[in-house]
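Please read the structure below before turning to the comments.
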Amino acid sequence: MGHGGGGTLSAELVEHLFAPAFGSDVLAELGDSAHLTLGGARLAFSTDSFVVRPLFFPGGSIGDLAVNGTVNDLAMVGAVPAYLSCGFILEEGVELALVGRVAEALGEAARTAGVVIATGDTKVVDAGHGDGIFINTAGIGLIPDGIDIRPQRAAPGDVVLVSGPIGVHGVAIMSVREGLEFGVEIQSDTACLAGLVADMLAVCPDIHVLRDPTRGGLATSLNEIAAAGGVGVTLDERSLPVPDTVANACAFLGLDPLYVANEGKLVAFVPPDHADAVLAAMRAHPLGKEAVAIGHCVEEHAGMVVAATGLGGTRVVDMPLGEQLPRIC
Amino acid sequence: MKYLDEFSDPVLAKRLFDDIRAVTTQPWSLMEVCGGQTHSIIRHGIDQLLPEEIQLIHGPGCPVCVTPLEIIDKALEIASRPDVIFCSFGDMLRVPGSGRDLFKVKSEGADVRVVYSPLDSLRIAQENPDRQVVFFGIGFETTAPPNAMTVYQAKKLGISNFSLLVSHVRVPPAIDAIMNSPDCRVEAFLAAGHVCTVMGTGEYPGLAEKHRVPIVVTGFEPLDILEGIRRAVRQLESGQHTLENAYPRAVQAGGSPAAQAMLADVFEVTDRSWRGIGMIPQSGWRLSPKYREYDAEYRFSVTGIDTEESTVCRSGEVLQGLIKPHECAAFGKECTPRNPLGATMVSSEGACAAYYLYRRLEAPNKEASSVG
């Protein structure tokens, strides 16, 4: 179970089992999207599978996630998303009306994102061998000339920006899946980030790194970037945008918002000369209006993320092992 | 954020750090009893910012850490049975038994479920009348009342397919045992606020007097902890040894009479073994004879448990405050959260896990030499 949590165990599964078995140079870069060159065009290609429970939750559905998740992976290398494939794995007995609602949501999300669903597949598994509906999507998009966004480009001095409040999607899912009530309804932040990225690239084509911190949260993404770029990342803990509702829920459950999943947020590593302009462009976009700078890249503690605590101390922000587990008291 | 932000305000924190610095004239060793306090101290870097004279010793107050290996092995054995649904809070799933943990048992096909309340497990029992549902009831005085309530409800509703695997422990006997140890270095205690919310403070004045040790009931936010430290140091510097309540917004002297009544009805005090420490007289609870049929150990009569602890793990010494995590040779090498040798590394509130998560930038030798 821990191997699906997006933390250290997930990374080890990919690096030590899948990558060697597949023997692919492209895959070896281990980005959210692969960079491909085909007939002279620079393409981004990505796939993702969605197994969320419940299928509909405050602020979205598995259909929205299946589009936004893959489109965002393409956007995180600066690509303009163009086409999606869509594979449904249905459990025998699932109501067709429910499948229809998911398909409607998926189609609507695709239209909002400006991508075309070009091909698809459907399989049915025996009752008890699935969880209602699983969806896989793959997407392809064009990377404009002059754009080179990869975690390996993170460099000392880069300013780390995040596009808005963190931990919202994970808490929204927990609130409905576990029947936990936190006083107010928390809506998932699932959204297509391609438009926000386009606005950011318009003011700074030289953005070094983009990442949407989904499973494993912001901490996991920052650790992955620090490791890939061979840089240290220093965070100012008090600048982290954690909504009260998320902070309260995390305090109640003993979780750290830095490790809670997001679906409509991005983190950007930007050269210091361009940080103010990119931040302004983000704040001018509806999905980035609460964007803030949360830290910067340093030469020290390469491969590690370190936070300055609100009281003036420091702490390591480690890669999570697997999923966070609510504590006993 | 209301009720939390107020207690991590950096300006007020600086004032408290200054007060502590002003009152401190000599070295003192303070033990925070609760793992939640340890976690907060390390996470916020409080120990880095205190005067050098103040040493914080991390106590045994992580219920996951002190649950005996034998009970973990019994849990694994019961959870493996095909007719059982085994329910637990999440942080018990990674705790190593003699050879495996609940995650491993789950991956082998056992029906192990994470719940957020013991009452969830009672609902599962109602929904699965042909299965046996077992809840892993561990923890201090904080988690014992809801677990007692669950058993009470099961009996009241006539739910016969539910039982509790009990490993509850009590804090005051542990404080007494630590102070009775000839190696004890503790000069003052920060008592666990949530425990006192339930039980009140009545058990502590006697301990403070018997061992001539200040005890300050302390909360879990940064300012709570700093206020606890400030009061403890002030007592030490003036030669006092009394009980003080620095957590009045949550703790009243009498605690929660309703919770205490529930405990008294369902449980009875018993000797209890603590992982890494050993047997502490009168330090635990077990189900009273009236509720014996809900005792999973009795119902499943697990026998033949042969426990096997790591020979290099020093988590027992960590739990007693005799060493800090860095001083164990296995720390961060053979023993990591990925491959924990002891529960203090696997529990999110264990001192070893807190050091591994938050303190790896520091040179272990520097930390160790400053403690010894």
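The values are calculated or read from the model by the stated rules, or taken from the named source; none is laboratory data. Predicted, not measured: the structure shown is a model, and the values here were computed from it. When we count neighbours, we look across all protein chains shown, and the Cβ atoms used for this are built from the backbone with ideal geometry, even at glycine. Quick note on the areas: whole protein, heavy atoms, side chains included, nothing else; ligands and nucleic acids left out. Shrake-Rupley method; radii C 1.70, N 1.55, O 1.52, S 1.80 Å.
Suppose we compare each residue of region B:31-62 in its chain alone and in the full protein complex with a 1.4 Å probe; which ones drop by at least 30 Å² of accessible area?
Output list: B:Arg43, B:His44, B:Gln48, B:Leu49.
Give me the accessible area of A:Cys192, 1.4 Å probe, in Å² rounded to the nearest 10.
Surface open to solvent at A:Cys192 totals about 30 Å².
To make sure I understand the rule: partners must be aspartates and glutamates, Cα under 14 Å from the Cα of B:Lys156, and not fewer than 8 residues away in the same chain. Which ones qualify?
B:Asp265, B:Glu293
Evaluate the distance, in nm, between pseudo-label points positioned 7 Å from the Cα of B:Val11 and of B:Asp130 along their respective Cα→Cβ axes.
It works out to 6.6 nm between the two label points.
Under the definition of Cα pairs under 8 Å and six or more residues apart, what whole-number percent is the relative contact order of region A:85-142?
Relative contact order here is 66 percent.
Viscosity 0.890 mPa s, temperature 25 °C: Stokes-Einstein D of region A:5-144 from its Kirkwood Cα radius, in µm² per second?
152 µm²/s
Using modelled backbone amide H atoms (1.01 Å from N, in-plane), which distant-in-sequence or interchain residues come within less than 5 Å of A:Tyr83's amide H?
A:Val116, A:Ile140
Please enumerate, by chain and number, the aspartates and glutamates with C-alpha under 17 Å from the C-alpha of A:Lys289, excluding those fewer than 8 residues away in the same chain.
Of all the aspartates and glutamates, those that pass the test against A:Lys289 - Cα under 17 Å, at least 8 places apart if same chain - are A:Asp189, A:Asp199, A:Asp212, A:Glu263, A:Asp276.
Which ³J(HN,Hα) values in Hz, rounded to whole numbers, follow from the phi angles of region A:161-168 under the Karplus curve 6.51 cos²θ - 1.76 cosθ + 1.60, where θ = phi - 60° and Gly and Pro get x?
Karplus-based 3J(HN,Hα) across region A:161-168 equals 10, 10, 7, x, x, 9, x, 5 Hz.
Can you give the calculated 222 nm mean residue ellipticity of the protein assembly as shown, where each DSSP H run of n ≥ 4 adds -39,500 (n - 2.57) and the sum is split over every residue, rounded to the nearest 500 deg cm²/dmol?
Mean residue ellipticity, 222 nm, calculated: -10000 deg cm²/dmol.
When the distances between all Cα atoms of region A:196-265 are binned every 10 Å from zero, what whole-number percent does each bin get?
17, 42, 33, 8, 0
Can you bin the protein assembly as shown into rounded, prolate or oblate? Criterion: square roots of the alpha carbon gyration tensor eigenvalues sorted a ≥ b ≥ c, rounded for a/c under 1.5, prolate for a/b above b/c, oblate for the rest. Please report the intermediate quantities before stating the final value.
Values: a/c = 2.06, a/b = 1.38, b/c = 1.49.
It is oblate, given that a/c is not under 1.5 and a/b is not larger than b/c.
May I ask you to evaluate 6.51 cos²θ - 1.76 cosθ + 1.60, the Karplus curve with θ = phi - 60°, for each residue of region B:59-71 and list the ³J(HN,Hα) values in order in whole Hz, giving x for glycine and proline?
x, x, x, 10, x, 5, 5, 8, 5, x, 4, 4, 5
Can you give me the relative contact order of region B:1-141 as a percent, contacts being Cα pairs under 8 Å and 6 or more apart?
Numbers: 160 pairs, mean separation 28.4, N = 141.
With pairs under 8 Å counted, the relative contact order is 20 percent.
Take every residue in peptide A:302-313, count the Cβ atoms of other chains within 10 Å of its Cβ, and give the average of those counts. Each step should come with its number before you reach the end.
On the way: counts 0, 0, 2, 0, 3, 3, 1, 10, 8, 15, 9, 12.
Other-chain Cβ atoms within 10 Å of each residue's Cβ, averaged: 5.
Excluding ligands and nucleic acids, what accessible area in Å² is computed for A:His274 using a 1.4 Å probe, to the nearest 10?
Roll a 1.4 Å probe over it and A:His274 shows about 70 Å².
Classify region B:1-68 from the C-alpha gyration tensor, please: rounded if a/c falls under 1.5, else prolate or oblate depending on whether a/b exceeds b/c.
Oblate, because a/c is 1.5 or more while a/b does not exceed b/c.
Given the pairs B:Lys104/B:Lys333; B:Lys74/B:Lys333; B:Lys74/B:Lys155; A:Lys265/B:Lys333, which are separated by over 31 angstrom at their Cα positions? Could you put the intermediate results ahead of the total?
Numbers: B:Lys104/B:Lys333 22 Å; B:Lys74/B:Lys333 29 Å; B:Lys74/B:Lys155 23 Å; A:Lys265/B:Lys333 36 Å.
From B:Lys104/B:Lys333; B:Lys74/B:Lys333; B:Lys74/B:Lys155; A:Lys265/B:Lys333, over 31 Å: A:Lys265/B:Lys333.
Please identify which residues in region B:226-258 have an amide N closer than 18 Å to a label point set 7 Å out from the Cα of B:Glu209, following the Cα→Cβ vector.
Once the point is set 7 Å along Cα→Cβ of B:Glu209, B:240-245, B:253-254 turn out to lie under 18 Å by backbone N, inside region B:226-258.
If you take the accessible area of A alone, add that of B alone, and subtract the area of the pair, what total do you get in Å², probe 1.4 Å, to the nearest 100?
By this definition, chains A and B bury close to 3100 Å².
Name the lysines eligible as straight-distance cross-link partners of B:Lys210: C-alpha to C-alpha under 27 Å, and not fewer than 8 places from it in the same chain.
Straight-distance partners of B:Lys210: B:Lys324.
Excluding ligands and nucleic acids, what accessible area in Å² is computed for A:His208 using a 1.4 Å probe, to the nearest 10?
It works out to around 20 Å².
Can you tell me the accessible area per residue over region B:116-186, all protein chains present, probe 1.4 angstrom, in square angstrom? Can you show the working numbers first?
Details: 2430 Å² over 71 residues.
Normalised by residue count, the accessible surface of region B:116-186 is 34 Å².
List the cysteines in chain B whose Cβ has no other cysteine Cβ under 4.7 Å from it.
When partners are defined as cysteine Cβ atoms under 4.7 Å apart, chain B leaves B:Cys34, B:Cys87, B:Cys184, B:Cys196, B:Cys313, B:Cys328, B:Cys335, B:Cys352 without one.
What is the percent carbon and sulfur in the accessible area of the protein assembly as shown, measuring with a 1.4 Å probe over the protein chains and ignoring ligands?
53 percent
Taking square-rooted eigenvalues a ≥ b ≥ c of the alpha carbon gyration tensor, is region A:182-324 rounded, prolate or oblate, where a/c under 1.5 means rounded and, failing that, a/b exceeding b/c means prolate?
oblate
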